[in-house]
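The values are calculated or read from the model by the stated rules, or taken from the named source; none is laboratory data. As the structure is a computational prediction, the values presented were derived from the model and not from experiment. Glycine gets a Cβ as well: all are built from the backbone with ideal geometry, and neighbour counts include every protein chain shown.
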Amino acid sequence: MKEYNIELKYRARELRREMTGTERLLWSKIRRKQLNGFHFYRQKILGNYIVDFYCPAASLVIEVDGSQHFEPENQFYDEERTAYLETLGLRVIRFTNRDVLTNIEGVVLEIMKYL
């Protein structure tokens, strides 16, 4: 089990309750071991971060990025966060909200490549 910041526990629960529509759509495709039996967690705490989706068996983190992620200060934060997660031996893949909403099957096929 990866170490995590217990202080983020309640925030992670809140994020699970308040998932965006895009996150809900992707979750509906990857939950309950639908992808070759791989188990995913949603809004999982890893270190000092909460990731959108995490598959421990594949050491895979999936992030769904809304428009705020394209602002320069947020891009820097995302790069820093990705670098940290990679030091834990995790692979991070990102999809935009648009990718998920307009091409969910393509997104699922891309995820399958990493499993």
Only unsatisfied item for Asp99, checking (1) modelled with pLDDT of 95 or more; (2) over 16 Å from Trp27 (Cβ atoms); (3) of a type in the set (D, E, K, R), is (2)
inquiry  = Taking the conditions exactly as written (surrounded by 12 or more Cβ atoms within 10 Å (Cβ to Cβ) and not in a helix (DSSP H, G or I)), does Ile111 satisfy them or not?
reply    = no
The number of residues in region 78-103 that are over 15 Å from the mean Cα position of the chain (by Cα) and within 20 Å of Thr22 (Cβ to Cβ) is 4
A careful count of residues in region 89-102 that are loosely packed, with under 14 Cβ neighbours inside 10 Å and either under 15 Å from Tyr54 (Cβ atoms) or among the basic types (Lys, Arg) (or both) gives 2
